């Protein structure tokens, strides 16, 4: 496992913070830039015989004034749930994140859970490069960017029909020798102002949980929320030539429930001292 020093990480972070997300970008530019903030979360647990699994998607966020960085994802991504009640029993025993290096290989860094909110389904994880060896050359430096708090959206004026971009690791696509997330487009399908979530017209699958959703407006993009789940629709499957009863299948209807970033922003401000 290859590591780098925290000083190098802070240097890279400072370079990123000097870049404004509110610039005029084309969609490919937005995707190329934001992908460096989006990573796969890996875990192992005694419940799975200590086997490693791809659990979901995370986004690297930070406050440039405080110099704090965290990995944001859904709470259910890192949780072990009770099979009967569906409630969280504990977090996954061992958690990791894969970061890309400039040579297109990856390093795996351990994660520590620092905050979880089961009711709102989001969690913050901490990672550190402190005390790690210096990379042997420039190609072994880590290639990441931190999504600044300044780029967090205010979803109060989010309107149905607005275009969206969401990026993650559905069905473990892009998780391997290099972390390479999948980009998709959708629109706001429903936004009830009193709700802590909004609905988008766009498909997600397993592994997309925690995927950041960006609002795109006149080539400017804002971080509007994280993908949580798709609402289940049930349909009958009939077997014409078999003497079996009809079975019920869970169908993905093509909608995605997104946790509004406003809820998460409030916690970052009140508990972690973030400010814009």
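Can you sort 90, 184 by how many other beta carbons sit within 10 Å, fewest first?
On the way: 90 12, 184 20.
Least to most surrounded, the residues fall as 90, 184.
Among 97, 267, which comes first, second and so on when ranked by fewest other beta-carbon atoms within 10 Å? Present the calculation step by step, with values, prior to reporting the outcome.
Working: 97 23, 267 15.
Taking fewest neighbouring Cβ atoms as first place, the list is 267, 97.
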Debye log10 I(q)/I(0) for region 144-184, one point scatterer per Cα, at q = 0.15, 0.20, 0.27 Å⁻¹:
-0.59, -0.85, -1.00
Hull-based mean projected area of region 159-209, where the convex hull spans the alpha carbons, in square nanometres:
3.7 nm²
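Tell me the relative contact order for region 6-272 as a rounded percent, counting alpha carbon contacts under 8 Å between residues six or more apart. Write down the numbers at each step before the final one.
Numbers: 602 pairs, mean separation 51.0, N = 267.
Relative contact order here is 19 percent.
At a Förster distance of 41 Å, what's the computed FRET efficiency of residue 195 paired with residue 93, Cβ-Cβ distance as r, to 0.05? Present the calculation step by step, with values, prior to reporting the outcome.
On the way: r = 34 Å, r/R0 = 0.82.
My answer for the efficiency is 0.75.
Could you line up 171, 147 from fewest to most neighbouring Cβ atoms inside 10 Å? Don't skip to the end; give the middle numbers.
Working: 171 13, 147 23.
The order, fewest Cβ neighbours first, is 171, 147.
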Note: residue 68 to residue 220 extended length (0.36 nm per residue) minus current alpha-carbon separation gives 52.3 nm
Modelled FRET efficiency - R0 45 Å, residue 185 with residue 138, Cβ distances, 0.05 increments
0.85
Using all alpha carbons of region 6-272, what is the percent of pairwise distances in each 5 Å bin, ordered from the shortest bin to the longest?
1, 6, 12, 16, 19, 17, 13, 7, 4, 2, 1, 1, 0, 0
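Compute the FRET efficiency between residue 269 and residue 232 as 1/(1 + (r/R0)^6), taking r as their Cβ-Cβ distance and R0 = 35 Å, and round to the nearest 0.05.
Details: r = 34 Å, r/R0 = 0.96.
Taking R0 as 35 Å, the efficiency between residue 269 and residue 232 is 0.55.
Can you list, largest first and rounded to whole Å, the semi-axes you get for region 34-128 by taking the square root of 5 times each eigenvalue of its Cα gyration tensor? Intermediate values should be presented prior to the final figure.
Working: eigenvalues 111, 60, 21 Å².
Equivalent-ellipsoid dimensions as semi-axes: 24, 17, 10 Å.
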Once you have all Cα-Cα distances for region 72-165, histogram them in 10 Å bins from zero and send the whole-percent values.
12, 31, 30, 22, 5, 0
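Readers should treat all values here as calculations from the given coordinates under stated rules, not as data from a laboratory. Here the structure is a predicted model, which is why all the values come from computation and not from measurement. No Cβ is skipped: glycine too gets one built from the backbone with ideal geometry, and neighbour counts run over all protein chains shown.
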